[in-house]
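Contents: one structure, followed by commentary.
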Amino acid sequence: MSKDYNNFDYLSVSVKSDQLSRILQCYRVLGWTEVKTEDDKRYYDMSYVRLRRPHKIPNKDRLQYLQVRMESAINSLVEIVGRAHVKSTAVISVLVIIFLVCTGLAAWQFLSLNQAYSQVYGWICAVVACASALAACIAGACLRRRERRAAADKISARLKLMQSLIAEAKLLVPQPQNEEEERAGEVNNG
Amino acid sequence: MDKSSRASHSLEDRSRRRRQRFTEDKLVKIRTEHSAGSFKTIFAALIILFQLGIIILLGTLPAFALWWYLLILAAISIITAFSVLSSHRAAQAKAVWVLFVLVFFFGGFIIYFMSNDKYMYARARRRHRAIFARSEKFLPEYAALNAAPDMKLTCSYLSRAGKFAAYNNTKLQYFPSGAQLFDDVIEKLKSARSFVFIEYYAVSDGVLLNRIWDILKQKAEEGVDVRLIYDDVGSRAFSRGMRKKMRDSGVQVKVFNRLISWFTFAMNYRDHRKIIVIDGCIAYTGGSNIADEYVNEKHMHGYWKDTGIRLEGEAVDAMTLFFLRQWEFITKKSFDYSPYFGHYQTLYSPYVVAPYVGGPEYELTICKSVFESVINSARQKLYIMTPYFIPDDSVVQSLINKALAGVDVRIILPSVPDKYYVYLVTRDNAEKLIKYGVKIYYLRDSFVHSKLVLTESCAVVGTVNFDMRSFYQQFENGILTDDKNVVAAVAADFERTFPDCDHPASAAKNGLARAVAIALLRFISPLM
């Protein structure tokens, strides 16, 4: 398909297939029109979308800025979810390692039985193992709850930001009233 | 199911199996987020480092056999250190060089002398001077009529330091983005009749270059004299194919300071200027280069904030002269400049426009001095937009003094870095000024590439960053003006940008690793 770079701007994006319609909605608000959608050649869970927009669209600089911020906000949603439990996972991992090591040491001390102090060390290790297991459960639960809350707050802040960006974009781009009008616009552009 | 359809299905299955799961933390991946052409630079850098190693090794080898050779090296290093201290460099640069020469006494002085433009750029500077002397007659007498006293002082400095004239009767148009600048350039290029001169740091293949090329090709075919100067480091992504296409169509394409795999510090001097002259009637400059990221066709570092300015009238001649001087320097052929002057449209404007250039061809740091002069002239407000903030102490001190004196000093910086190590120092330098009352702004999700300085009475638009490279090592250009319309347009651009910025109330606290990295980077910042 030949491109008319003098009259149109083009944008190629790969979008997570399950979020395609929502994300395309955001791009439409920014004045982009879908030209072609197909499966991404590299990733099976992504869709490849080509979009275009009139080169001389009003408020282009602002729209470009809003677009970058929108893309950043959309991508940060995944980032927030993906990194929500990093801290708690690290803490739990350390405690689990302590638990395993102490359990192993306790078992070794109890089984050796040749020294009187082995029993003492064994009990110390067992207590530490139990404490670390308990701490892993409690810290895990508390930290995870706190992290969930923090992630939820961040996500709602991002969603609010996206809403405000969309609202601003809607004011800058004259939106087609209905689908027929949109189609008519596309035919005219084409 | 027949054989052929089964075969095609299995092919599809295989291709599907070959595709991976998308594992990045992203819902949207922009297909143009990539940089091109860095291989050439990395390769040249590695070869140069290898040669540097050999030089140091050869210098050091005899020391293993001859103890007195070490003594001689140490003596030379001490003499070199004294020579550094008595030179006219910035104090910070002196400190770094003295330490470098004394610590690496077995070869450091060789690198110092090889990097010293006084010795290594002397021949080139003589050629520049010869060109200047021949072409001086094309610059009118310094005028600056109607200028305010502070403006008059800066213009007077420019006149004496580089024989740059201050013009009246010039109309300016400010563009708050690269996209707007190049849309205008493309429109005006369509009406070119006799010559088009383009001098750019970065020219890269892409949509923007194709748009410009469509017109340039047509103009070259019509017999318009089209000349292009590009810098070899900045234009890494300017393909050989495209250059050949241009040359075949009659465009004269010249490279500035070709990147060669040969150890020479002259490689450090890059042509960072951005000049377009059309028929001697219209000229453009600003921060934007001819590459897709500058017009936000590509988003390599978030939104790209850039600026530009158009000149019409008397001052266009100065831009033509800057280009022709650089052209003569590169081609090493002298020619008659006179056909390219005096084509400007006669306009009336009472405001002063002073185009200037700076770089290794001048002994004085003209671009830095203009900034200092403008900073010192600020009475109520001083707004700065720059991608990098690594100035030397004198500039920092001027900013602090202004802020303490009650001037509203604001600096807009990027929030997305293009070079992480430079950004670390930039942020640290900027945030250290907060306690003195300087307001620092980071434009969200953006890379700020504009180079602007604004006071209540004048503005500087150009290519000069607030860093040592721009002040001391690169060929730069700028426009100083007191045009009320431009000052208002630049101020409006700043006012529009502030609400989109994060504005830290205090300096960010750095972790140990970060603090050490910043300290090291700050130490070598005069050499960056």
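For region B:38-115, what does the alpha-carbon gyration tensor say about shape, rounded, prolate or oblate, given a ≥ b ≥ c as the root eigenvalues, a/c under 1.5 as rounded, and a/b over b/c as prolate? Oblate shape, in that a/c is at least 1.5 and b/c is the bigger or equal ratio. The string of couplings for region B:151-157 from the Karplus curve (6.51, -1.76, 1.60, θ = phi - 60°) is 5, 4, 4, 5, 5, 5, 4 Hz, one whole number per residue in order, with x for Gly and Pro. Amide H contacts for A:Tyr5 (H built 1.01 Å from N in the peptide plane; partners 5 or more residues away or on another chain; cut-off under 5 Å): none found. Computed from backbone phi with θ = phi - 60° and the Karplus coefficients 6.51, -1.76 and 1.60, the 3J(HN,Hα) list for region B:183-198 is 4, 5, 4, 4, 4, 6, 4, 4, 9, 5, 10, 10, 8, 10, 10, 10 Hz; x is used for glycine and proline.
By how many nm would the segment from B:Leu347 to B:Ser87 lengthen if fully extended, with 0.36 nm per residue of separation less the alpha-carbon distance? Please list the in-between numbers first.
Details: separation 260, 0.36 × 260 = 93.60 nm, distance 4.60 nm.
So the chain would gain 89.0 nm between B:Leu347 and B:Ser87.
Exposed loop sites were defined as chymotrypsin sites (Phe, Trp or Tyr not before Pro) in DSSP loop states (anything but H, G, I, E or B) carrying at most 12 other C-beta atoms within 10 Å; in chain B the longest segment without such a site runs B:1-261. Using the structure shown, select from A:Lys56/B:Lys217; A:Lys170/B:Lys432; B:Lys484/B:Lys509 the pairs with a Cα to Cα distance greater than 31 angstrom. Long pairs (Cα-Cα over 31 Å): A:Lys170/B:Lys432; B:Lys484/B:Lys509. Two numbers describe the Cα atoms of region A:8-55: Rg and Dmax, which are 10.4, 32 Å. Using R0 = 30 Å, the C-beta based FRET efficiency linking B:Tyr420 and A:Ala157 works out to 0.70.
How big is the A/B interface in buried accessible area, both sides summed, 1.4 Å probe, to the nearest 100 Å²? Display every interim value, and only then the final one.
Details: alone 12950 and 24530 Å², together 34060 Å².
Looking at A and B, the buried total is near 3400 Å².
Beta bridges assigned by DSSP with both partners in the protein assembly as shown are antiparallel in approximately 65 percent of cases. Distant-in-sequence amide contacts of B:Val409, defined by a placed amide H-H separation under 5 Å and a gap of 5 or more residues or a different chain, comprise B:Leu382, B:Lys439.
Compared with the direct C-alpha span, the chain from B:Asn510 to B:Lys332 gains 59.0 nm at full extension, assuming 0.36 nm per residue.
Can you give the FRET efficiency for A:Ala141 and A:Val78, using 1/(1 + (r/R0)^6), R0 = 30 Å, r = Cβ-Cβ distance, to the nearest 0.05?
Values: r = 25 Å, r/R0 = 0.83.
The computed FRET efficiency comes out at 0.75.
For a label point 7 Å from the Cα of B:Glu456 along Cα→C-beta, name the residues of region B:130-152 whose backbone N is under 15 Å from it. The answer is B:148-151, whose backbone nitrogens lie closer than 15 Å to the label point. Treating the Cα atoms of region A:86-152 as identical point scatterers in vacuum, please give the log10 of the normalised Debye intensity I(q)/I(0) at q = 0.15, 0.18 Å⁻¹, two decimals. Results for region A:86-152 at q = 0.15, 0.18 Å⁻¹ read -0.53, -0.65.
Shape verdict for the protein assembly as shown, please, from the Cα gyration tensor: rounded (a/c under 1.5), prolate (a/b greater than b/c) or oblate. Before the final figure, lay out each step's value.
Details: a/c = 1.76, a/b = 1.26, b/c = 1.40.
Taking the square roots of the gyration eigenvalues as a ≥ b ≥ c, the protein assembly as shown is oblate.
A cut-off of 5 Å between modelled amide H atoms, ignoring neighbours fewer than 5 places along the same chain, links B:Glu456 with B:Arg379, B:Gln380, B:Lys381. Distance between the 7 Å Cα→Cβ label points at B:Ala519 and B:Lys254: 4.8 nm.
Extending 7 Å from the Cα toward the beta-carbon at both B:Gln380 and B:Glu222 defines two label points whose distance is 4.6 nm. For region B:461-513 versus region A:93-135, the spacing of their alpha-carbon centroids is 62 Å. Taken over the alpha carbons of chain B as equal point scatterers, the Debye sum produces base-10 log I(q)/I(0) values at 0.06, 0.07, 0.13 Å⁻¹ of -0.32, -0.43, -1.38.
Go ahead and run the numbers for FRET between B:Leu404 and B:Tyr119, Cβ-Cβ distance against an R0 of 51 Å, rounding to 0.05.
Working: r = 41 Å, r/R0 = 0.79.
With R0 = 51 Å, the Cβ-Cβ based efficiency is 0.80.
The values are calculated or read from the model by the stated rules, or taken from the named source; none is laboratory data. Computed from a prediction, not measured in an experiment: that's the story for all the values here. Virtual Cβ from ideal backbone geometry, glycine too; neighbours counted across all protein chains shown. The area values use the complete protein model at the heavy-atom level, side chains included, leaving out ligands, DNA and RNA. Shrake-Rupley method; radii C 1.70, N 1.55, O 1.52, S 1.80 Å.
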